[in-house]
1. What is the count of Lys pairs in the chain whose alpha carbons sit under 17 Å apart, if the two are 8 or more places apart or on different chains?
2. Listed highest first by mean packing, meaning other Cβ atoms within 10 Å per residue, what order do 76-82, 98-104, 32-38 come in?
3. Calculate how steeply helix 114-131 sits against the longest principal axis of the alpha-carbon atoms of the chain, using the helix alpha-carbon long axis, and give the answer as 0 to 90 degrees to the nearest 10.
4. What whole-number value in cubic angstrom gives the convex hull volume per residue for the C-alpha atoms of the chain?
5. Mind ranking 108-120, 62-74 by how tightly packed they are, going by the mean number of other C-beta atoms within 10 angstrom, highest first?
Amino acid sequence: MGKNQVFLYSAWLVSVIATLGSLYFSEIRGFIPCELCWYQRIGMYPLTLILGVATFQNDSGLKKVVLPMSIVGGVISFFHYLEQKVPGFGGIKECVSGVPCSAEYINWLGFITIPFLALSAFTLITIFSLLINNKQG
């Protein structure tokens, strides 16, 4: 197994864990996703399929598709985390319906929230994607 294959597989594994974690929180724990959570899901769920196909076909060329999605998803996650943790940062856009984006369903160790977990996943996927060499070898 070459380095590219390891990086592709690692990025795919992170996306699968993030997707299953997201589904666990909403479908099993009953946490209702806020608007920013939905945007993060829109970024993460397709990555699971895209990286899965890339992994099993050993296609490092999908890096140009994966990187923009993981970076944009990471930016949304970071913004969401700031909205939860920085007083006065929330409220830039009022929550019209549903769960407010500043709500914290989990707060492990005082800083690990769902957007933090998503940010960690998007960051790892970005790093693994950057490590992939487009030239096979």
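Values quoted throughout were computed directly from the atomic coordinates according to the rules given, and no laboratory measurement underlies them. Model, not experiment: these values are computed from the prediction. Positions of Cβ are backbone-derived with ideal geometry, glycine not excepted, and every protein chain shown enters the neighbour counts.
1. Lysine pairs meeting the criterion: 5.
2. Going by the mean number of other Cβ atoms within 10 Å, highest first, we get 76-82, 32-38, 98-104.
3. 20
4. Measuring per residue, one finds 106 Å³ for the Cα hull of the chain.
5. Working: 108-120: 16.7, 62-74: 18.8.
So the peptides 108-120, 62-74, ranked by packing, come out 62-74, 108-120.
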